[in-house]
Amino acid sequence: MKKFINDASAVLADSLKGVAAAHPELRVDLENRVIYRGEATRPGKVALISGGGSGHEPLHGGFVGTGMLDAACAGEVFTSPTPDQMLAATQAVDAGAGVLHIVKNYTGDVLNFEMAAELAEAEGVRVASVVVNDDVAVEDSTWTAGRRGVGTTVLLEKIVGAAAEEGYDLDAVVELAQRVNANGRSMGVALTSCTVPAAGKPTFDLPEDEMEVGVGIHGEPGRHRVPLASAKEIAAMLVDPIVHDFDAGGLAIVMLNGLGGTPLIELYLMYGEVVPLLEAAGVSIERNLVGNYITSLDMAGCSLTVLKADDELLRLWDAPVVTPGLRWGA
Amino acid sequence: MKKFINDASAVLADSLKGVAAAHPELRVDLENRVIYRGEATRPGKVALISGGGSGHEPLHGGFVGTGMLDAACAGEVFTSPTPDQMLAATQAVDAGAGVLHIVKNYTGDVLNFEMAAELAEAEGVRVASVVVNDDVAVEDSTWTAGRRGVGTTVLLEKIVGAAAEEGYDLDAVVELAQRVNANGRSMGVALTSCTVPAAGKPTFDLPEDEMEVGVGIHGEPGRHRVPLASAKEIAAMLVDPIVHDFDAGGLAIVMLNGLGGTPLIELYLMYGEVVPLLEAAGVSIERNLVGNYITSLDMAGCSLTVLKADDELLRLWDAPVVTPGLRWGA
Amino acid sequence: MTVAPSTVTIDQLTDWLRRFQGLVAEHQTELTELDSVIGDADHGANMARGMTAVAAKLDAAEGDGDGPASVADLFKAVGMTLVTSVGGASGPLYGTFFLRFGMSAGAVTTLDAAGLGAALRAGLDGIVARGKAELGDKTMFDAMSPAVDAWDVSVAAGGSPADASAAALAAAEVGRDATVPLVARKGRASYLGERSAGHLDPGAASTTLLFRALADALGG
Amino acid sequence: MTVAPSTVTIDQLTDWLRRFQGLVAEHQTELTELDSVIGDADHGANMARGMTAVAAKLDAAEGDGDGPASVADLFKAVGMTLVTSVGGASGPLYGTFFLRFGMSAGAVTTLDAAGLGAALRAGLDGIVARGKAELGDKTMFDAMSPAVDAWDVSVAAGGSPADASAAALAAAEVGRDATVPLVARKGRASYLGERSAGHLDPGAASTTLLFRALADALGG
Ligand SMILES: Nc1ncnc2c1ncn2[C@@H]1O[C@H](COP(=O)(O)OP(=O)(O)O)[C@@H](O)[C@H]1O
Ligand SMILES: Nc1ncnc2c1ncn2[C@@H]1O[C@H](COP(=O)(O)OP(=O)(O)O)[C@@H](O)[C@H]1O
Ligand SMILES: [Mg+2]
Ligand SMILES: [Mg+2]
Ligand SMILES: [Mg+2]
Ligand SMILES: [Mg+2]
C-alpha cells in the first residue's frame, strides 16, 4: 500500500488535523470529528448536517461553509460516523429552526443517523432527514437495501444549502431536498480498485484489460465486469442506464465526477464524450461540474450525475457558496 | 494502460473538447489548442499567457479567467506547445500594453516561447517573459538546464494575474513576476510513476516499498530512490531541502499540491505534517492551498511550495479570481 | 460426571465479551477480507475498533475496583461503547443487540439458561427492529437467528447453559455457511445483486465468533 | 567499378526525409523508452508526430504535381512543419536544424558534397545557437557534431557524398554510444544528476537515425 499516512488506524485523525490547519475559516472538532462553519448558525436559519464514512473527500467536510452545510460528521474510512458525533453536531448547529440530516442511503449511515435523530429529538431539537438514493447501478432495489446515495448528494447539499441560507423553513427545505433527490440519477465505473488503509491492499483485483461497471464510492465491485473500453463506449455505459431510468429530458445540472485517482485531463475528456449523448437524449445542460467531488479514496474511475433542474434549482445553484470544495459568488 | 481515452494520440484534442463543453465562459480554440477568456483583454491591461505540455491540469488552462491568465497554450502531453500556437495567443490577447509569457524552465518550453516571442516582436507586439525555476530537487543547476519550474508557477499566475488586472504596466508586471519566482521554492515526491498515454505504460517501475524523492511534473524519476516512508518522514523530505535552500522565515503562502493520483484525504494529512515543520523553520503561513493544482497525469505523489510573501503579494493573492481551477471573491 | 452449573455469572458474561474481543482481533483480517469481496473492506477494522473500546472500558472499570453493578449496567455500557465507536452497519446493529440484551437481563448479577436465552432473543429482536433483516437476506441475522433458536431448544430439553451455548454455536456455524450461496438483500452486498452469491457474509462470520466466545466462556 | 555520383539531387534529399520518417516510425517505441529512463517518455511520439507531418506535407506537394522549387524551399517547409508540430525540446532544435540547412543550401536543386556539408554544419550551428549544448552535455549534439566533422573529413579526402554519409553515420553511432556514461548537463536528463549516467540519450539516438537515413538515401 502506497499512501501518505503514518498509521492506517490514524488516517482520519491525522487528515482532520490537516483540514484544521488548511481552513482556519472552519472550526474542526478533532475530538468528535465534526467540521463546522467558523461562525454559529444565523438565528432562524435551518441548519444542514451531513456526514458519512471518510475517503470521499471533498465530500462532506469540504462542503461546509456559507451556502452549503453547517456541519459534517466524519466517520472512519468507508464507515458511517456514530450517533454521538451526529448528536453533538445537531445540537451545536441548531438555531431554533430545526436541522436537516442529509444521509446517503447505506445501511450504516441510515441506522446511525436514525439513532442520532432519535437522541436529538429527545433533546428537543427538530430534526428531519433526507436519504439520497440516486445510483442507477443498483437495479433490483425494491427488496434490498435500495439504491446507494452517490453524486446527487453533492448537488443536493449545494442547492438545499442555498435554500436554507435564503430562509426556507424546515418543511420547505425537506420538500426541496426530496425533490432534488427524486430528480437526480448517477452511474459510476472503475478502472482500478481503491485501497482501504486498514485493509492495506486493493479491495478487489482488476486485470489490466478489464473494468467494473456500476460501482459506488466504497471500493465495492460493480454490477458487471467488462473488457476495458474506449472513453466513447464508457460514456454510453454511463449515460444509457441514466436516461433509461427516468425521463432525463429538459433542463439539467450535470456532474462528471472523478473517483480520486483519475486526473482532470481524463475527466474533461469523458465530459466531452457524455455531452453529445446527453444532448441526444434531450438533456439541456444548464450547469456542470467536472472534477473530484465525491471520491472513493484512490480509485481510478468516474461517475456521471444528471439532475433535472428548473428555475428554482438553477437559481439556488447559482447562489453564492463559500466552502473548500465549491466556491463562487463570494 | 487504464485511462479514459479513445486513442492515445487524440488525448489532448478530445480533452480540450470537454473543456470547451464544460466552460462556456471560456473560449477554446480547438485548432490552435489555446484556451482564452470569454471576453477580449481590457484595453490597456497587460495580458498574461502561459502554456506548456498537457497532463498538468488544471495548470494552465484551468487558470484562465478574470484575475489570472488571459490565455493558455496546450501542448501534447508533457511536450511544450509550439511557437505558432503561442504567437496566435499572443496576438489575440494583446491590448496594447504588452504580453507577459509565463514559462516553466524546461528546454522545450523555453525554446518554443523564445521563438514565439521573436515572432511576436516582429509583428509589433511587446513581449516579456518570466521563466519559473523553483524546484529545489535540482541541485547542481549552475552548469545544466537549471531548475525546473513547478509549483510556484500556480502562485505566480494568480498573483501576477491580479496585478495585471489592477493595472500594473508591463515593466511592473515583469518585476513582480521575477520577485515571485525568486521567492518561491518547491519540492516533490512520488509514490508511483505516471503513465504517458502515448507510451502506454508507466514511465518507471517503482517497487511497492520504495518512493522517488525530488520528482518534477513529467513522470521523470527523482533525484533519489528511498524506502517508502511515513507521512511524517516524507514531510521532512519536502520541508528540509526548501528551508535549507533559502531563508524561508517570515510571511508565506504555502501550497501542498497533489500530483494527480493522490486523493485529498492524503493531501490534507500531508499538509497537517508539513505545517509544524514549516513553523519550526520560522515560516508564518498566511495563506494556503491544498489540492491538485499542478499535476503529473495519474502520478501518486505530492509537492510542497513555499512562497515568501509580503503585504503586496498577500493583497494580490486575495484579489478576486474566477477561473475553473481557482476561484474566490466573485 | 460433574453437573454443569445452571446459572451464568456476570464474571462469565464479562469473560464472554473478552473472548469475543480476542476472537475478533484474531480474525480481523479474515473478516475484512470477507467484506472486501462483497462489501467495503472494513468489517474487521470496525469490529476490532469496537471490541477494543469495549475491552478498554472493562479494563478501566476493573482498574477502578468496582465492576458493573448488574448485567444491565454491563451491557448498556458495552452497547453504548459499540454504538459510539464503530459506526457503519455493524455499530448500531451489535450495539442494539447488547443494549437490548442488557435491558432484558435487568438489574441482576446472574442469569439462568432461560434468562440468558431471553436476553439473546431480545438482542436479536433489536437487530431486526433496526435492520429489518429476514432469514436468507445474507446478514448476521442468518447466523444469529438459528443460534438463538438452538439455544431455546436446548434449554427446553433441559440443557445447561454450556449445552445451550454449544448448540447455539453449531447452529450459528451452519447459518453462517448457509449464507454462501445466497444473493444478498440487505447491506452493501445487495448492491452486487447476483455477484454477491458464492461468498460468505462477513457479519454472519463475526456473529459466529460471538457464539464461539459464548461457548468458550460457558464451557459449551 | 562505378564512380559514385558527386552531386546530390533534391529528389535524394526528399528521399532522405522520407527515410528518416520511416526510421523514426520504426524506432518510435525505442526512442520513447530511452526517454522514459532519463526524460519524460515522449521523444518517440514527438519525432513521429513531426516527421508524419513532414511526410504529409511532402505527399501534398507531390499530389499538387509541383515539388519544391529549391532545396531552400524544401527545408524551410520541413523546418517550419517540425517547429509547428513537435513542440518540446526536439521541435525547435530539429526545426532550426532544417531551417538553417535550407538557408545555407540556398535556391538550388542539387548540392555537391561540400555544399551539403556546409548545410549540415549550418544546421548544427543552429542547434547550438538555440540550445547552447557543448560536447559531452549528453544531447543530440554529441551525435551530430562528430557526424558533421566526419562528413567534412571525408569530403576533404576526396570522398563522394555516399562516402561522406557512411563516415558521418559511423561517427554519429560512436557519438551516440558515447553518451551512455555521461552525466547530462542539458535537457531534462540534467535534472537527474548522477542518475542520468549509464543511459543512452534519446536525442542522440534520433540524430543517428537522421544520419542513417542520409546514408541510405545517398548509398553510403
Ligand atoms: N439490515 C441489516 N440487518 C442485519 N445485518 C446487516 C444489515 N445490513 C448489513 N448487515 C450486516 O452488517 C455486515 C457489514 O458490517 P460492516 O462491514 O461493519 O458495515 P458496513 O456495511 O457499513 O461497512 C454485513 O456483513 C451484514 O451481516
Ligand atoms: N539544450 C539542448 N541542446 C541540444 N539538444 C538538446 C538540448 N536539450 C535537450 N536536447 C535533446 O532533446 C532530447 C529530448 O527531446 P524530447 O524528448 O523530444 O523533448 P523534451 O525533453 O522536451 O521532452 C534530448 O534527448 C536531447 O538530446
Ligand atoms: Mg463500511
Ligand atoms: Mg517532453
Ligand atoms: Mg463493511
Ligand atoms: Mg522528452
Qualifying residue in region C:45-68 (condition: in contact with a strand residue (DSSP E or B) (Cβ under 9 Å, 6 or more places away or on another chain), in contact (Cβ under 8 Å) with a residue 24 or more places away in the chain and within 14 Å of chain A (Cβ to nearest Cβ)): yes
Residue match in region B:34-43 (condition: of a type in the set (Ser, Thr, Tyr), more than 11 Å from chain A (Cβ to nearest Cβ), part of a loop (DSSP other than H, G, I, E, B) and in contact (Cβ under 8 Å) with a residue 24 or more places away in the chain): yes
Check on D:GLY88, over 12 Å from the mean Cα position of the chain (by Cα) and at positive phi: yes
Boolean, B:GLY301 is surrounded by 24 or more Cβ atoms within 10 Å (Cβ to Cβ), in the same structural domain as B:LYS201 (by TED's automatic domain parsing) and either under 16 Å from B:ASP134 (Cβ atoms) or within 22 Å of the chain's Cα centre (by Cα) (or both): yes
Any hit, region D:177-186, residues being at positive phi, surrounded by 24 or more Cβ atoms within 10 Å (Cβ to Cβ), in contact (Cβ under 8 Å) with a residue 60 or more places away in the chain and within 14 Å of another protein chain (Cβ to nearest Cβ): no
Among (1) among the small types (Gly, Ala, Ser); (2) buried (at least 22 other Cβ atoms within 10 Å of the Cβ); (3) more than 8 Å from chain A (Cβ to nearest Cβ), the one test that B:SER284 misses: (2)
Residues of region C:171-220 satisfying the condition of being more than 27 Å from A:HIS224 (Cβ to Cβ) and assigned to a loop (DSSP other than H, G, I, E, B): C:GLY219, C:GLY220
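B:GLU121: more than 30 Å from D:LEU192 (Cβ to Cβ), more than 11 Å from chain D (Cβ to nearest Cβ) and in a helix (DSSP H, G or I), yes or no?
Yes; evaluated as a whole, the condition is true for this residue.
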Only one of C:GLY159, C:GLY131, C:GLY136 that is at pLDDT 95 or above and within 16 Å of ligand 3 (Cβ to nearest atom): C:GLY131
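Residue-wise test of (1) within 16 Å of ligand 5 (Cβ to nearest atom); (2) not assigned by TED's automatic domain parsing to the domain that holds A:TYR271.
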residue: A:PRO83; (1), (2): no, yes
residue: A:LEU87; (1), (2): no, yes
residue: A:ALA97; (1), (2): no, yes
residue: A:ASP109; (1), (2): yes, yes
residue: A:VAL131; (1), (2): no, yes
residue: A:ASP171; (1), (2): no, yes
residue: A:GLN178; (1), (2): no, yes
residue: A:THR192; (1), (2): no, no
Helices (runs of 4 or more DSSP H) (entirely within region C:1-119) containing at least 3 residues that are buried (at least 24 other Cβ atoms within 10 Å of the Cβ), at pLDDT 95 or above and of a type outside the set (A, V, I, L, M, F, W, C): C:43-63, C:90-105
Residue in region B:143-155 that is more than 13 Å from the chain's Cα centre (by Cα), over 30 Å from A:ASP209 (Cβ atoms) and buried (at least 24 other Cβ atoms within 10 Å of the Cβ) present: yes
Breaking point among (1) touching a residue at least 40 places away in the same chain (Cβ under 8 Å); (2) surrounded by fewer than 20 Cβ atoms within 10 Å (Cβ to Cβ); (3) more than 11 Å from chain A (Cβ to nearest Cβ), for B:VAL64: (2)
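One line per residue, one yes/no per condition, for (1) in a strand (DSSP E or B); (2) within 26 Å of B:VAL99 (Cβ to Cβ); (3) more than 14 Å from chain D (Cβ to nearest Cβ); (4) polar (S, T, N, Q):
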{"position": "B:VAL130", "(1), (2), (3), (4)": "yes, yes, yes, no"}
{"position": "B:GLY146", "(1), (2), (3), (4)": "no, yes, no, no"}
{"position": "B:ALA172", "(1), (2), (3), (4)": "no, yes, yes, no"}
{"position": "B:GLY188", "(1), (2), (3), (4)": "yes, no, no, no"}
{"position": "B:GLY200", "(1), (2), (3), (4)": "no, no, no, no"}
{"position": "B:GLU212", "(1), (2), (3), (4)": "yes, no, no, no"}
{"position": "B:ILE234", "(1), (2), (3), (4)": "no, no, yes, no"}
Region A:1-26, residues that are more than 7 Å from chain B (Cβ to nearest Cβ), within 22 Å of the chain's Cα centre (by Cα), under 20 Å from B:MET255 (Cβ atoms) and free of Cβ contacts under 8 Å to residues at least 24 places away in the same chain: A:ALA20
Residue within region C:165-179 that is within 16 Å of ligand 3 (Cβ to nearest atom) and modelled with pLDDT of 95 or more present: no
Residues that are more than 9 Å from every other protein chain (Cβ to nearest Cβ), in contact with a helix residue (DSSP H, G or I) (Cβ under 6 Å, 6 or more places away or on another chain) and under 20 Å from C:ALA184 (Cβ atoms), drawn from region A:80-113: A:LYS104
Subset of region B:268-277 [surrounded by 24 or more Cβ atoms within 10 Å (Cβ to Cβ) and either more than 7 Å from chain A (Cβ to nearest Cβ) or touching a His at 6+ places or on another chain (Cβ under 6 Å) (or both)]: B:GLU273, B:VAL274
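The values are calculated or read from the model by the stated rules, or taken from the named source; none is laboratory data. This is a predicted model, so every value here is computed, not measured. Using ideal geometry, Cβ is built from the backbone for each residue, glycine included, and neighbour counts are taken over all protein chains shown.
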